[in-house]
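Asks: So that we are looking at the same thing, I have put the structure below in structure tokens.
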Ligand SMILES: NC(=O)C1=CN([C@@H]2O[C@H](COP(=O)(O)OP(=O)(O)OC[C@H]3O[C@@H](n4cnc5c(N)ncnc54)[C@H](OP(=O)(O)O)[C@@H]3O)[C@@H](O)[C@H]2O)C=CC1
Ligand SMILES: CC(=O)[C@H](N)C(=O)O
């Protein structure tokens, strides 16, 4: 029997790429997102190209009971959980509609925790498992004009590092994947619309770096030399200075 991987946000971008690379490694899949048609297209392609079993679970992860609802629809144990679904909210804090920030935090943070809580007991019972949480380089420092998004990603990083220590001797690997700007539909979906300059990495490269990191049992991976350097250096600088520099970098969001 193949191990099963559950990937959230598998209808597009990094999630669809995670599903593809995990199928190539021989995982059966459970694909989660809201867009049934896109999930079905990914599922059909992976069944055809890799001969793996793929279940589709259509679920809005901003719903308070999302994790329980997903767990109730699983047909078997999950070996690898990829908490990838997410989106950004950008702009001056008081101008972002309250509901947008709440929805974002429900998807990026609350559902990630709840789904991990729902699936870890099965991994402990099986004696092995893996959790990949998709954070962001935005989580290494406060990011003005992405205030709740970056704070949520800081949570994802710290949560992952803490769980890694709890489970390292109990058969479960935990990795935080912290990409920099990547070529997906992310920047088209940021609400209100925003854009950051700079080169974009490919989803394929980012996911490969993440799965390599998981193989090596790394605590976190920031793919690309510049992102890795930032991840290493930022915590060594005064936090207020880091916030001031980040404000200059992200100010362009207000003009977007
Ligand atoms: N692209 C980038 O530059 C970076 C992205 N990231 C992170 O990577 C992760 C994936 O984003 P990325 O692939 O780039 O973006 P995309 O916009 O391409 O994909 C986002 C995925 O999340 C799903 N999603 C969004 N909202 C919900 C929701 N309410 N319920 C269920 N699923 C949802 C979408 O599916 P659907 O709409 O069908 O529900 C889609 O599958 C996110 O956590 C993001 O923060 C981190 C750093 C950089
Ligand atoms: C959107 C992201 O999370 C990315 N790391 C960025 O800062 O642009």
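The values are calculated or read from the model by the stated rules, or taken from the named source; none is laboratory data. Remember, it's a predicted structure, so these values are computed and weren't measured experimentally. Methodologically, a virtual Cβ is constructed for each residue, glycine included, from the backbone with ideal geometry; neighbour enumeration extends over all protein chains shown.
Asks: Can you tell me which residues in the range 195-249 are in contact with a strand residue (DSSP E or B) (Cβ under 8 Å, 6 or more places away or on another chain) and more than 16 Å from residue 134 (Cα to Cα)?
Replies: Correct list: 200 only.
Asks: Moving on. Within the set of pairs 6+ apart or on separate chains, which have a first residue in the range 79-90 that is under 17 Å from residue 150 (Cβ atoms), a second that is in a loop (DSSP other than H, G, I, E, B) and away from ligand 1 (no atom under 11 Å from the Cβ), and C-beta atoms under 7 Å apart?
Replies: As it stands, the answer is 89/96; 90/145; 90/192; 90/194, since those pairs meet every condition given.
Asks: When you look at residue 106, is it away from ligand 2 (no atom under 16 Å from the Cβ), under 14 Å from residue 9 (Cβ atoms) and in contact (Cβ under 8 Å) with a residue 24 or more places away in the chain, yes or no?
Replies: For residue 106, the condition - away from ligand 2 (no atom under 16 Å from the Cβ), under 14 Å from residue 9 (Cβ atoms) and in contact (Cβ under 8 Å) with a residue 24 or more places away in the chain - is met.
Asks: Here's something else I'd like to know. Select, from 39, 29, the only residue that is in contact with a strand residue (DSSP E or B) (Cβ under 8 Å, 6 or more places away or on another chain) and either surrounded by fewer than 20 Cβ atoms within 10 Å (Cβ to Cβ) or within 18 Å of residue 184 (Cα to Cα) (or both). Let's see the steps before the verdict.
Replies: Working: 29 fails: either surrounded by fewer than 20 Cβ atoms within 10 Å (Cβ to Cβ) or within 18 Å of residue 184 (Cα to Cα) (or both).
Going through 39, 29 in turn, just one is in contact with a strand residue (DSSP E or B) (Cβ under 8 Å, 6 or more places away or on another chain) and either surrounded by fewer than 20 Cβ atoms within 10 Å (Cβ to Cβ) or within 18 Å of residue 184 (Cα to Cα) (or both): 39.
Asks: Continuing with the same structure: Could you count how many residues in the range 178-195 are under 19 Å from residue 92 (Cα atoms), within 12 Å of ligand 2 (Cβ to nearest atom) and not in a helix (DSSP H, G or I)?
Replies: Here the count works out to 3.
Asks: Suppose the filter is surrounded by fewer than 21 Cβ atoms within 10 Å (Cβ to Cβ), modelled with pLDDT of 95 or more, more than 14 Å from the chain's Cα centre (by Cα) and within 13 Å of ligand 1 (Cβ to nearest atom); does residue 204 pass it?
Replies: When the stated conditions are applied, residue 204 passes them.
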